[in-house]
Amino acid sequence: MNITSKTSKANRQPSKIWLTISGLSAVLLTGGFAVKGADANWYQWYRSTGVVYTQSNIPTPNGNSILGFRRDALGTLTPLPTPSFPTGGAGIPFAPIVGGGPVAVTDLASDQQVIVNPEKTLLFAVNSGSNTIAVFDIHKDGSLSPVQGSPFPSGGVEPVSLGLAGDILSVVNQNLLPQIPSQEASDSQPNYTTFRVNPNGKLIPIPNSTVSVPKGSLPTQALISPNKRLLFGVDGGTGLLRSFKILPNGRLQQSPTSPQPLPTSAFPPNPIGLTLGLQVNPRQPILYVAFTLSQQLGVYSYGPEGDLHLLKTVPNSGAFICWIAINRAGTRLYTTNPGDNSVSVYDIAKDPSTPVEIQKVTLKGPIGNGSAQLTLDSTESFLHVVAQPITNPPSANNGISVLKVNQYNGTLTEVPSSPKLIPSANNSFPQGIVAN
């Protein structure tokens, strides 16, 4: 019996070896993860790690929409089963207003056109061509449905940026140029204004919350501080920084030092006062400002009342630094530089007041594209960048670039499938981006 038992065990060894080899093959064929039975659902999750949204910005009546993409673990973007969700309004077309040299700034220089609440249950988007704000419920599968009453009047002309502080939504109405026929007769000024967001996502205007700024100011952003008590903005056309306290009643109160002119060092000879990107350090009271035409990153400290103090400027190796993103740990800062379609990476871990550029990545894509708004996903594994035209009319070359974030040092590598192209419709270009 002992001999028989030993023989049976010996006879089973080739079967074990075969199973081991076949299991290894399955692992190799699935990119490192064997898929069988109960593991299939897990593998499907591994291949579909998040959802990315941008705005089509199509300028025809009711033509604007939110475009949704599933992102897998390799960074590849695939349209959702329902790929677009109408906003009930219009975007605005590509139209250069600042030209010369390698760059043209469109008439929609702005950031935070699309945002989500911290719970990722509501998505907000601007309809710049129809003066409204769209609000959507976000479902578990990534699909969107408009909340009752959406879209809502924006409280001004040409909304371009949104910021959320608790249940207070701040809106920047840029009202730049009469390039949209329906808006030519407007005598209103650009403004900052606020709304109360009720539990169902409805926007309720807050009385006496509107702060107007002079025509031609080009306000570009509604940036909220980490403690949700301050709003920072910039008049991109005149080079004025603004800061506001968000009062408990939702109204905006401009700080005593606001508006504050940018330093003369922010501009080259014969300057155009163009400043676009703002971002706050998540752990320290520091505001970063993109001095676009001088290709510098400005560093400010700020106080509890929103008073701003310039600390220094540091160089940027790209062309025309514009938009900024920062990781949650406050160790890496990313900028887009549309003049040469690049992204810069800064180390801000050692000294947040002295960013040090450690990498510049030139994105794939045709000549004429420029890197624009950017965002990290919720796991900070990928950086997503909107591609917009800077010298040529929009084409099929609009899109989203996806870069893998090195988890050890925060540097970037563009994924092989990038960019995901978005065809232009009626001279449109995408704008704004969020990812989870």
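The values are calculated or read from the model by the stated rules, or taken from the named source; none is laboratory data. Because the structure is a prediction, the values reported are computed rather than measured. We place every Cβ from the backbone using ideal geometry, glycine too, and count neighbours over all the protein chains shown.
Here is how the numbers come out for the structure above:
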{"item": "Whichever residue in segment 418-436 is assigned to a loop (DSSP other than H, G, I, E, B) and aliphatic (A, V, I, L, M) and, among such residues, is surrounded by the most Cβ atoms within 10 Å (Cβ to Cβ)", "result": "I422"}
{"item": "G330 vs. criteria assigned to a helix (DSSP H, G or I) and surrounded by fewer than 24 Cβ atoms within 10 Å (Cβ to Cβ)", "result": "no"}
{"item": "Members of segment 340-352 found to be within 15 Å of L297 (Cβ to Cβ) and either not assigned by TED's automatic domain parsing to the domain that holds V386 or not polar (S, T, N, Q) (or both), listed by number", "result": "V343, V345, Y346, D347, I348, D351, P352"}
{"item": "Candidate set: segment 198-238, residues that are touching a Pro at 6+ places or on another chain (Cβ under 6 Å) and not acidic (D, E); chosen: the one farthest from E305 (Cα to Cα)", "result": "S217"}
{"item": "Out of A104, A134, sole residue that is surrounded by fewer than 23 Cβ atoms within 10 Å (Cβ to Cβ), of a type in the set (A, V, I, L, M) and either in contact with a Gly (Cβ under 7 Å, 6 or more places away or on another chain) or at pLDDT below 95 (or both)", "result": "A104"}
{"item": "Test: S378 is under 16 Å from V52 (Cβ atoms), in the same structural domain as T413 (by TED's automatic domain parsing), at pLDDT below 95 and buried (at least 24 other Cβ atoms within 10 Å of the Cβ)", "result": "no"}
{"item": "G155 being without any contact (Cβ under 8 Å) to a residue 60 or more places away in the chain, at positive phi and surrounded by fewer than 24 Cβ atoms within 10 Å (Cβ to Cβ)", "result": "yes"}
{"item": "Of the criteria (1) surrounded by 17 or more Cβ atoms within 10 Å (Cβ to Cβ); (2) at pLDDT 95 or above; (3) farther than 26 Å from R70 by Cβ, which one Y408 fails", "result": "(1)"}
{"item": "Segment 304-358, residues that are charged (D, E, K, R) and either farther than 28 Å from T379 by Cβ or more than 22 Å from the chain's Cα centre (by Cα) (or both)", "result": "E305, D307, K312, D340, K350, D351"}
{"item": "Only one of A435, A387, A425, A396 that is under 12 Å from the mean Cα position of the chain (by Cα) and at pLDDT below 90", "result": "A387"}
